[in-house]
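A.B. asks: One structure coming up, written as structure tokens, with questions to follow.
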Amino acid sequence: MTRERERGEIKISTVLTLAFLAFIVYQVVQWGGPAFAIYSFLDTVKEECRFGLNKDEKVIRQALVAEARELGLPIGAENISIQKQGTTTRIVVKYDVDVEWFPGQTYTWQVDVNEYSKFF
């Protein structure tokens, strides 16, 4: 008493597998862009911290705000704290990025960048 499969019949496991794969692709699309922007900005902060010894704080802040704007991150001058003492530089940036992880549901990704560099 085996039932023959009819043409066009779909198993429920196939439907569930396709739904799961669609969800994974959706998550990669939703999180990929913000993650790339956050890590690109982190790289810029590290670079400015290491090579900003001879730069004024205002110039560093402007460069970071311009990079954040280019990457589409919600960072303004008020989010950036720069402290320079002698040959040390510390840059602290705090901001939030909202990511839609499920249709209609957003997650607030709190980012706290704290870079320190000392030139001997």
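Every number here is computed from the coordinates shown, using simple stated rules; none is lab data. Quick caveat, the model's predicted, so the values are computed rather than measured. Every residue, glycine among them, receives a Cβ derived from its backbone with ideal geometry; neighbour counts consider all protein chains shown.
A.B. asks: Taking neighbour Cβ counts within 10 Å as the exposure measure, how do 60, 12, 91, 38 sort from fewest upward? Present the calculation step by step, with values, prior to reporting the outcome.
C.D. replies: On the way: 60 20, 12 7, 91 24, 38 17.
Final ranking by Cβ density, sparse to dense: 12, 38, 60, 91.
A.B. asks: Run the numbers on segment 12-118 and let me know its relative contact order in percent, using alpha-carbon pairs under 8 Å that are six or more apart. Each step should come with its number before you reach the end.
C.D. replies: Numbers: 123 pairs, mean separation 25.6, N = 107.
Normalised by residue count, the contact order of segment 12-118 is 24 percent.
A.B. asks: A follow-up question, please. Mind pulling the angle between the C-alpha long axis of helix 12-51 and the longest principal axis of the chain? Nearest 10 degrees, somewhere in 0 to 90.
C.D. replies: Tilt of helix 12-51: around 10 degrees.
A.B. asks: For a quick check: sort 58, 46 by the number of other beta carbons within 10 angstrom, fewest at the front.
C.D. replies: Fewest to most other Cβ atoms nearby, the residues stand as 58, 46.
A.B. asks: Tell me what the chain gives for mean residue ellipticity at 222 nm when only DSSP H runs of n ≥ 4 count, each as -39,500 (n - 2.57), the sum divided by the residue total, rounded to 500 deg cm²/dmol.
C.D. replies: The helix-only estimate for the chain comes to -16500 deg cm²/dmol at 222 nm.
A.B. asks: Students often forget the sequence filter, so: which lysines lie under 20 Å Cα-Cα from residue 58 once same-chain residues fewer than 8 apart are removed?
C.D. replies: 46, 84, 94, 118
A.B. asks: Quick one: net charge around residue 31, please, counting Lys, Arg +1 and Asp, Glu -1 for every other residue with C-beta under 13 Å from its C-beta.
C.D. replies: -2
A.B. asks: Further question: What angle do you read, to the nearest 10 degrees and between 0 and 90, between the alpha-carbon axis of helix 57-71 and the longest principal axis of the chain?
C.D. replies: It works out to around 20 degrees.
A.B. asks: Which of 59, 15 comes first, and how do the rest follow, when ranked by fewest Cβ neighbours within 10 Å?
C.D. replies: Fewest-to-most ranking of 59, 15: 15, 59.
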